[in-house]
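Student: What follows is a structure written as structure tokens; I'll ask about it next.
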There are 2 protein chains.
Amino acid sequence: MNKLTTTEELLLQRRTVRKFRNQSLTLEQYTRLMEVARQAPTSNFLQQCTIIHVTDMHLREQIRAICQQQYVGANGDLIVFVVDLYRNHRICAQLGLADDALNSTDAFIQGMEDTLIAAQSVVMAAEAMGLGCVYLGSIQNDIRSIIQMLHLPKLTFPLVALQVGVPDQMPELKPRMPLNLRSFENSYQDVFDLNHFAQYDEIVQTYYDLRDSSKHVDPFTQQVASKLSHTCFKRNDILKVIQDQGLCQY
Amino acid sequence: MNKLTTTEELLLQRRTVRKFRNQSLTLEQYTRLMEVARQAPTSNFLQQCTIIHVTDMHLREQIRAICQQQYVGANGDLIVFVVDLYRNHRICAQLGLADDALNSTDAFIQGMEDTLIAAQSVVMAAEAMGLGCVYLGSIQNDIRSIIQMLHLPKLTFPLVALQVGVPDQMPELKPRMPLNLRSFENSYQDVFDLNHFAQYDEIVQTYYDLRDSSKHVDPFTQQVASKLSHTCFKRNDILKVIQDQGLCQY
């Protein structure tokens, strides 16, 4: 087997960047990222993802307030990835054909696939260009407001955003769970005795997190427990918002 | 701006491969792909994706029968990407802590993000290694059976699969919708008058599809209409299956 390709190295060495230089993407850089998103694999060739580039400073501030992360909409560029079943609905409507299928969970999942596959393709292209990225799942903190701000119609749903820019930090590689706890052959294996996480817990504790260098880092299992028991999951109306958008009716 | 990096070229030139040589991945190749999946970005550091490598020939045949695509489980390797909230549930249970958050749509979406981001990272690594891939959303044709076959517990959901192998075809680049119909600034734009798809419709018609070279290729708008009006979306119980798995309860 040959040595690693540049692409593999990028993938294996990737870090989330949360601090960017005070510099926006050039039009050429942004256009390339969009070309990559455009060419990304799409489920059933339905192309159910739309991208919104947020350049308006007031809008950026509003989104930052929702995300509660100071780097959102600050240095670099803010890009929102939207599941979009509305465009195909408009096509069907003009052709005078039924499209009830767009209200199904099946269709929504296909749109989510298009959207996340496009987002990850953009992340990889950006990193290959020397840029850094952070995924912003935090737009879900108040997704109804995001829908209003971006004037998103029914049959669309903003899934994730990215902040992309010129890195102004080089975080340590964040250690991931060993493969024997995440990857199985032919059949799922319940191998999750706490003992099996002990070594990984130690590794996580020694990881130096730039976000919080002054603070003690919890072991992985403790992080999971504290994240699932409070704060991070206060977003209880997401299914309702999705269904109010006309999606996932069945 | 510099010329394209290899990674960008890969992303811009990518094609779905559906015909593979009679050759499995080497252990080294497969392990590299798993290392890439392992290192992929993860929402909230919860690492909620699990991967099942389907090597058993009987199981492969059963999955092929569900997918109804002759290349599924045939030449190359079959890999299933599973949204996995069960592992973290087991951690919390052993620590004696509540984890009701795992039943939320918020948590499920985070798991879907991990899963699709890992899958697309694997696709890109595979293509960088000279391999080809096809996404298999078709496992959703009978997802309850897939859950049983792979012995997936509650709080998991198999989202997509990949068939990966040594390419035995070089499809034409499939033309995508122009960016002015998919990418906006600050605000969604309803610019979907059928006229605006006319040129793209022509381009799609001239695309030579290896899957169906003998057949007339419909314009894009016609494809959308025929896909949404019948056949492709007969999978009406997916939300119920997801909820039966204990996911998306609210």
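The values are calculated or read from the model by the stated rules, or taken from the named source; none is laboratory data. Only a predicted model underlies this, so the values are computations on that prediction, with no experimental measurement involved. As a convention, Cβ positions derive from the backbone with ideal geometry for all residues, glycine included, and neighbour counts pool all protein chains shown. When the accessible area is computed, the model is the full protein with side chains, heavy atoms only, and any ligands, DNA or RNA have been set aside. Shrake-Rupley method; radii C 1.70, N 1.55, O 1.52, S 1.80 Å.
Student: Run down A:TYR200, A:TYR207 and say which single residue is of a type in the set (Ser, Thr, Tyr), modelled with pLDDT under 95 and either on the phi < 0 side of the Ramachandran plot or surrounded by fewer than 20 Cβ atoms within 10 Å (Cβ to Cβ) (or both). Please lay out each step first, then the result.
Tutor: Working: A:TYR200 fails: modelled with pLDDT under 95.
Going through A:TYR200, A:TYR207 in turn, just one is of a type in the set (Ser, Thr, Tyr), modelled with pLDDT under 95 and either on the phi < 0 side of the Ramachandran plot or surrounded by fewer than 20 Cβ atoms within 10 Å (Cβ to Cβ) (or both): A:TYR207.
Student: I've got another one for you. Has the range B:5-12 got any residue that is modelled with pLDDT under 95, among the acidic types (Asp, Glu) and out of contact with any Cys (no Cβ under 6 Å at 6 or more places or on another chain)?
Tutor: There is at least one residue in the range B:5-12 that is modelled with pLDDT under 95, among the acidic types (Asp, Glu) and out of contact with any Cys (no Cβ under 6 Å at 6 or more places or on another chain).
Student: Which condition from (1) under 19 Å from the mean Cα position of the chain (by Cα); (2) within 30 Å of B:GLN222 (Cβ to Cβ); (3) hydrophobic (A, V, I, L, M, F, W, C) is the one that A:ILE91 breaks?
Tutor: Status for A:ILE91: all satisfied but (1).
Student: Using beta carbons and a limit of 7 Å, which pairs, at least six apart or on different chains, have the first residue in the range B:82-97 and of a type in the set (A, V, I, L, M) and the second one assigned to a loop (DSSP other than H, G, I, E, B) and open to solvent by 10 Å² or more (accessible area, probe 1.4 Å)?
Tutor: What qualifies is B:VAL82/B:LEU152; B:LEU85/B:LEU155.
Student: Can you pull out the residues in the range B:39-59 that are open to solvent by 40 Å² or more (accessible area, probe 1.4 Å) and part of a helix (DSSP H, G or I)? If you could, list the steps in order and put the result at the bottom.
Tutor: To start, the set of residues in the range B:39-59 that are open to solvent by 40 Å² or more (accessible area, probe 1.4 Å) comprises B:44, B:55-58.
Of everything in the range B:39-59, those that are open to solvent by 40 Å² or more (accessible area, probe 1.4 Å) and part of a helix (DSSP H, G or I) turn out to be B:ASN44, B:MET57, B:HIS58.
Student: How about the range A:60-93: which of its residues are in a loop (DSSP other than H, G, I, E, B) and not hydroxyl-bearing (Ser, Thr, Tyr)?
Tutor: As a first pass, look at the range A:60-93 and keep what is in a loop (DSSP other than H, G, I, E, B): A:68-76, A:85.
Across the range A:60-93, the qualifying residues are A:GLN68, A:GLN69, A:GLN70, A:VAL72, A:GLY73, A:ALA74, A:ASN75, A:GLY76, A:LEU85.
Student: Specify the residue that is nearest to the other protein chains (Cβ to nearest Cβ); the eligible residues are those in the range A:20-38 that are surrounded by 20 or more Cβ atoms within 10 Å (Cβ to Cβ) and not in a helix (DSSP H, G or I).
Tutor: A:LEU25
Student: Follow-up. Among (1) in contact with a Cys (Cβ under 9 Å, 6 or more places away or on another chain); (2) within 10 Å of another protein chain (Cβ to nearest Cβ), there is one condition B:THR156 misses while meeting the rest; what is its number?
Tutor: (1)
Student: Looking at the range B:112-144, which of its residues are open to solvent by 30 Å² or more (accessible area, probe 1.4 Å) and closer than 22 Å to B:ASN236 by Cα?
Tutor: B:TYR135, B:ASN141, B:ASP142, B:ARG144
Student: Related question: Being open to solvent by 40 Å² or more (accessible area, probe 1.4 Å) and part of a helix (DSSP H, G or I) is the filter; apply it to the range B:210-230 and report the residue that is modelled with the highest pLDDT.
Tutor: Keep residues of the range B:210-230 that are open to solvent by 40 Å² or more (accessible area, probe 1.4 Å), which gives B:210-216, B:218, B:222, B:226, B:229-230.
Of the ones still in play, those that are also part of a helix (DSSP H, G or I) are B:210-212, B:222, B:226, B:229.
Working: B:LEU210: 66, B:ARG211: 64, B:ASP212: 62, B:GLN222: 94, B:SER226: 88, B:SER229: 79.
Among those residues, the one meeting the criterion is B:GLN222.
Student: Tell me which residues, restricted to the range B:39-65, are touching a helix residue (DSSP H, G or I) at 6+ places or on another chain (Cβ under 9 Å), facing chain A (nearest Cβ under 7 Å) and among the aliphatic types (A, V, I, L, M).
Tutor: Hits for the range B:39-65 are B:LEU46, B:ILE51, B:VAL54, B:LEU59.
Student: Got a number for residues in the range A:146-197 being touching a strand residue (DSSP E or B) at 6+ places or on another chain (Cβ under 7 Å), farther than 30 Å from B:CYS92 by Cα and surrounded by fewer than 17 Cβ atoms within 10 Å (Cβ to Cβ)?
Tutor: 1
Student: Oh, and also: List the number of the failed condition for B:GLU61; all other conditions in (1) under 30 Å from A:GLU8 (Cα atoms); (2) touching a residue at least 12 places away in the same chain (Cβ under 8 Å) hold.
Tutor: With (1) under 30 Å from A:GLU8 (Cα atoms); (2) touching a residue at least 12 places away in the same chain (Cβ under 8 Å) applied to B:GLU61, the lone miss is (1).
Student: How many residues does the range A:66-100 contain that are open to solvent by less than 10 Å² (accessible area, probe 1.4 Å) and at the interface with chain B (Cβ under 7 Å from one of its Cβ atoms)? Talk me through it step by step, then tell me what you get.
Tutor: Filtering the range A:66-100 down to residues open to solvent by less than 10 Å² (accessible area, probe 1.4 Å) leaves A:67, A:72-73, A:76-85, A:87-88, A:91-92.
With the extra rule that they be at the interface with chain B (Cβ under 7 Å from one of its Cβ atoms), the set shrinks to A:87-88, A:91-92.
Of the residues in that region, 4 qualify.
Student: Quick check on my filter: what residues within the range B:152-184 are basic (Lys, Arg) and over 26 Å from B:ALA125 (Cα atoms)?
Tutor: Step one: of the range B:152-184, the residues basic (Lys, Arg) are B:154, B:174, B:176, B:182.
Within the range B:152-184, B:LYS154, B:ARG182 meet the criteria.
Student: For B:VAL134, which of the numbered conditions (1) in contact with a Ser or Thr (Cβ under 7 Å, 6 or more places away or on another chain); (2) closer than 25 Å to B:LEU27 by Cβ; (3) facing another protein chain (nearest Cβ under 7 Å); (4) of a type outside the set (S, T, N, Q) fails to hold?
Tutor: Every condition holds for B:VAL134 apart from (3).
Student: Residue by residue through the range A:9-19, note down the ones that are in a helix (DSSP H, G or I) and either open to solvent by less than 70 Å² (accessible area, probe 1.4 Å) or hydroxyl-bearing (Ser, Thr, Tyr) (or both). Before you say what the answer is, go through the steps one by one.
Tutor: To start, the set of residues in the range A:9-19 that are in a helix (DSSP H, G or I) comprises A:9-12.
Matches in the range A:9-19: A:LEU10, A:LEU11, A:LEU12.
Student: Can you go through A:VAL122, A:VAL160, A:VAL166, A:VAL191 and tell me which one is in contact with a Lys or Arg (Cβ under 6 Å, 6 or more places away or on another chain) and at pLDDT 95 or above? Quick ask: steps written out before the conclusion?
Tutor: On the way: A:VAL122 fails: in contact with a Lys or Arg (Cβ under 6 Å, 6 or more places away or on another chain); A:VAL160 fails: in contact with a Lys or Arg (Cβ under 6 Å, 6 or more places away or on another chain); A:VAL191 fails: in contact with a Lys or Arg (Cβ under 6 Å, 6 or more places away or on another chain).
When all the criteria are applied, what remains is A:VAL166.
Student: Could you tell me which numbered condition B:MET170 fails, if it satisfies all but one of (1) assigned to a helix (DSSP H, G or I); (2) more than 7 Å from chain A (Cβ to nearest Cβ)?
Tutor: Against the list (1) assigned to a helix (DSSP H, G or I); (2) more than 7 Å from chain A (Cβ to nearest Cβ), B:MET170 comes up short only on (1).
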